[in-house]
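Computed from the coordinates by the stated procedures, all read-outs in this text should not be read as laboratory data. Given the structure is predicted, the values throughout are model-derived calculations rather than measurements. Note that each Cβ is placed from the backbone with ideal geometry, even for glycine, and that neighbours are counted across all protein chains shown.
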Amino acid sequence: MTARPFQDLTPDSILDALESVGLVPDGRMLALNSYENRVYQVGIEDGPMRVVKFYRPNRWSDAAIAEEHAFVAELAEREIPVVAPLAIGGSTLHELAGLRFAVFPRVGGRAPELSDPDTLEWMGRFLGRIHAVGALAPYRERPTLDIASFGEASRDWLLEHDFIPADLLPAWGSTVDQALDGVRRAFDRAGDVTHLRLHGDCHGGNVLWHDGPQFVDFDDSRMGPAVQDLWMLLSGDRIEMSRQLADLLAGYEDFHEFSPRELHLVEALRTLRLIHYSAWIARRWDDPAFPAAFPWFNTQRYWQDRVLELREQIALMDEPPLWAT
């Protein structure tokens with residue numbers, strides 16, 4: 001029988017892990033919202049509460065995790081508001097009984113008001129600073145956001161593992177192929193864009209607001225175009241997104257240059273994320289947390305909706321790019 005992810009992670013093993021790095025839990029423990037990893041807020045005797053993250057087995061190598069930690073530490077050293085793992089005993093990555101984990105300070109906050117121009121400009125300034133640091137050196141161990149890994153590999157995995165219902169297979173297969181063709185055309189229009197170290201998953205849920213933004217959870221950090229960290233902060237119709245983009249760039253370009261050619265990639269990157277998201281859930285379907293959290297996944301309706309969603313993206317990718325106004 002194949003071992004399930006996190007099957008050995010119990011309340012006792014969580015406490016043992018913290019004690020192994022010299023932290024004495026006081027019994028308070030709260031599971032935080034996370035599916036990819038397992039994250040807990042834990043009370044510590046004679047100290048502030050901490051957050052401990054247990055990494056999904058076989059996802060990242062130790063070297064890739066260390067590279068992410070080093071990048072976040074580099075940002076924190078420059079007083080950019082990120083939540084960096086704590087160095088304990090000279091290391092930020094620890095292991096006990098096969099469970100790899102890191103300990104973070106507990107940071108409070110609320111979701112940012114992404115409809116507020118001042119909030120977006122403020123966030124844009126810090127994203128510009130993050131990218132200015134991210135451009136100083138490349139990742140060596142972590143991957144690049146590209147069509148092959150996010151789009152083609154995700155499509156192929158879903159097909160090879162029979163997740164698409166037989167009666168929807170022709171429609172889904174032809175639609176995803178058309179969508180990937182549209183992505184390739186968009187990348188061709190953008191031309192040779194610069195890749196840098198990114199947050200990688202910069203949406204409102206990964207920003208805590210308390211007297212300004214705090215950027216959290218760099219677990220998906222990788223190489224890619226700068227616009228990847230901007231487009232997920234945009235919402236609404238084209239006019240609304242154009243205004244939001246202008247607010248972000250008003251702050252961003254104080255610290256880092258932005259190439260307008262990358263705007264050709266906004267809907268292409270959204271399309272890749274949609275395809276990758278379905279494959280991400282499917283790849284983790286043996287984790288009991290996923291069927292419980294996504295009961296609608298892999299139903300007939302789910303795949304019908306994905307076909308319609310991708311058809312909308314195909315049309316959007318052929319429209320003129322978004323523009324800051």
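Below are the figures for this structure:
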{"item": "Rounded Å value of the spacing that divides the Cα centres of region 73-143 and region 294-308", "result": "34 Å"}
{"item": "Burial order of peptide ranges 155-164, 22-31 (average beta-carbon count within 10 Å, highest first)", "result": "155-164, 22-31"}
{"item": "Region 207-325 - Rg (one decimal) and Dmax (whole number), Cα, Å", "result": "16.9, 48"}
{"item": "Per residue convex hull volume, Cα atoms of the chain, in Å³", "result": "143 Å³"}
{"item": "Neighbour-count ranking [beta-carbon atoms within 10 angstrom, fewest first] of Trp172, Trp122", "result": "Trp122, Trp172"}
{"item": "Contact order relative to length of the chain, as percent, for alpha carbon pairs under 8 angstrom and 6 or more apart", "result": "20 percent"}
{"item": "Residue among Asp247, Asp220, Asp46 with the largest mean-square fluctuation in a Gaussian network model of the chain, springs linking Cα atoms under 10 Å", "result": "Asp46"}
{"item": "Selection of chymotrypsin sites (Phe, Trp or Tyr not before Pro), region 244-296, meeting DSSP coil and at most 15 other Cβ within 10 Å", "result": "Trp285, Trp296"}
{"item": "Anisotropy class of region 1-141 from Cα gyration tensor, a/c 1.5 cut", "result": "prolate"}
{"item": "For region 1-60: rounded, prolate or oblate by the Cα gyration tensor [a/c cutoff 1.5]", "result": "prolate"}
{"item": "Highest average packing first - 311-317, 103-109, 197-203, Cβ atoms within 10 Å", "result": "197-203, 311-317, 103-109"}
{"item": "Selection of GluC sites (Glu not before Pro), region 59-94, meeting DSSP coil and at most 10 other Cβ within 10 Å", "result": "Glu79"}
